[in-house]
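K.L.:
Starting off with a structure, shown below.
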Amino acid sequence: MNRQFRGAAFAAAPFILGSTAYAQSYGDYTAPRNAVVDAAGARSVEVEAAAGSLRIEGKAGLRQVQVTGTARSSSQRGLSEIRLIAERRGDVVFIKADIPDGDWRADRDNYSAALDLVIQVPQGINAEVSDGSGEAKVLNVGALEASDGSGDFSVEGASSVHITDGSGNLRIENVGGDVTVSDGSGEIDVRNVTGSFTVETDGSGSIIATDVRGSVIVENDGSGEIEVNKVGRDFRVENKGSGSIDYTAVSGQVNIPDRRHGRRGEER
């Protein structure tokens, strides 16, 4: 999801580094990492998160991108090296969690660092999100392009969604266009989609689709049940490993693997 920007003008408020605190309950050193970036005329926001929780929320009437972050580390030196990068790159607002890998430590195996981020953006702005590990939630954006390493990822409100996910549960709801997912493992739960829902590939875990006005298409599924309810157009499963296939209230055609080849589960 990296981009090259040519001739871009950079403008951002500097991030604020507060005093360091020692949180005995977690054994971590913590400090705030905050920023404000002008979003007037911006077409999208690009977020590169790493370890830590992530929340991106669209707010009506907002003309800035406001970032509230908490850096956490198992060492004070590691904490000082955790940076929040927040800047304007042409018509893109760019946010990045820059976390050191701790190679300077003799006890690297016990080193930990994270940056929890809450990012408020103009409602309906397009978003590109790359997330490393930890829970992530995106609300009220435009077109969403996302890649996620591990941890649960949820979307509530978007014009369209395309997600590549490693592991962890996916929950997507209230989408005005199409939803496309490639997933390693974990449950996929999709609800209230105006367009079509396509699973390009899924390793393991159940797939649940409810109230999809377009078609539901599963191109490749390894294992886990598929459960579909209220589909406005067609329901199709092209390749299926193990697990049942259940469907109700499909308005269009149904095309799923033939039971004679041992690839079809229950129907109803």
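The values are calculated or read from the model by the stated rules, or taken from the named source; none is laboratory data. Predicted model, so just to flag it, every value in this text is computed and none were measured. Ideal geometry is used to build each Cβ from the backbone, glycine not excepted, and the neighbour counts take in all protein chains shown. To get the accessible areas, we keep the full protein, side chains included, count just its heavy atoms, and leave off ligands, DNA and RNA. Shrake-Rupley method; radii C 1.70, N 1.55, O 1.52, S 1.80 Å.
K.L.:
List the number of the failed condition for Ile99; all other conditions in (1) more than 18 Å from Ala71 (Cβ to Cβ); (2) of a type in the set (A, V, I, L, M); (3) at pLDDT below 95 hold.
P.N.:
(1) is the only condition that Ile99 fails.
K.L.:
Consider the stretch 124-158. How many of its residues are touching a Phe, Trp or Tyr at 6+ places or on another chain (Cβ under 9 Å) and open to solvent by 40 Å² or more (accessible area, probe 1.4 Å)?
P.N.:
2
K.L.:
How about the stretch 157-255: which strands (runs of 3 or more DSSP E) wholly inside it have at least 1 residues that are small (Gly, Ala, Ser)? Let's see the steps before the verdict.
P.N.:
Working: elements: 160-167, 170-175, 179-185, 188-193, 197-204, 207-212, 216-218, 221-223, 226-231, 235-237, 240-242, 245-250.
Passing ranges, in order: 160-167, 179-185, 197-204, 207-212, 221-223, 240-242, 245-250.
K.L.:
Would you check which residues across the stretch 52-63 are in a strand (DSSP E or B) and not hydrophobic (A, V, I, L, M, F, W, C) and list them?
P.N.:
Of the residues in the stretch 52-63, the ones in a strand (DSSP E or B) are 54-59.
If the condition is that a residue be in a strand (DSSP E or B) and not hydrophobic (A, V, I, L, M, F, W, C), then Arg55, Glu57, Gly58, Lys59 are the ones that fit.
K.L.:
Filter the stretch 30-51 down to the residues that are assigned to a loop (DSSP other than H, G, I, E, B) and of a type outside the set (A, V, I, L, M), then identify the one that is most open to solvent (accessible area, probe 1.4 Å). Walk me through how you get there before you give the answer.
P.N.:
To start, the set of residues in the stretch 30-51 that are assigned to a loop (DSSP other than H, G, I, E, B) comprises 39-43, 49-50.
Pick out the ones that are also of a type outside the set (A, V, I, L, M) and you get 41, 43.
Values: Gly41: 66, Arg43: 172 Å².
Per the stated criteria, the residue is Arg43.
Residues checked against (1) at pLDDT below 95; (2) open to solvent by 30 Å² or more (accessible area, probe 1.4 Å):
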site: Val199; (1), (2): no, no
site: Ala209; (1), (2): no, no
site: Ser251; (1), (2): no, yes
site: Val254; (1), (2): no, yes
site: Gly262; (1), (2): yes, yes
site: Arg268; (1), (2): yes, yes
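K.L.:
Which one is surrounded by the most Cβ atoms within 10 Å (Cβ to Cβ), of the residues in the stretch 159-179 that are of a type in the set (Val, Ile, Thr) and more than 22 Å from Asp116 (Cβ to Cβ)? Break it down into steps so the answer makes sense when it comes.
P.N.:
The first filter runs over the stretch 159-179 and keeps only residues of a type in the set (Val, Ile, Thr), leaving 161, 163-164, 172, 175, 179.
Checking which are more than 22 Å from Asp116 (Cβ to Cβ) leaves us with 161, 164, 172, 175, 179.
Numbers: Val161: 26, Thr164: 18, Ile172: 25, Val175: 23, Val179: 28.
Step by step, filter the stretch 159-179, then rank; the result is Val179.
K.L.:
Going residue by residue through the stretch 80-90, is there one that turns out to be polar (S, T, N, Q) and in contact with a helix residue (DSSP H, G or I) (Cβ under 7 Å, 6 or more places away or on another chain)?
P.N.:
We begin by selecting, within the stretch 80-90, every residue polar (S, T, N, Q); these are 80.
Adding the requirement that they be in contact with a helix residue (DSSP H, G or I) (Cβ under 7 Å, 6 or more places away or on another chain) leaves none.
No.
K.L.:
In the stretch 52-89, which residues are over 22 Å from Ala31 (Cβ atoms), surrounded by fewer than 16 Cβ atoms within 10 Å (Cβ to Cβ) and either small (Gly, Ala, Ser) or touching a Pro at 6+ places or on another chain (Cβ under 6 Å) (or both)?
P.N.:
Ala60, Gly61, Leu62 - these are the residues of the stretch 52-89 that are over 22 Å from Ala31 (Cβ atoms), surrounded by fewer than 16 Cβ atoms within 10 Å (Cβ to Cβ) and either small (Gly, Ala, Ser) or touching a Pro at 6+ places or on another chain (Cβ under 6 Å) (or both).
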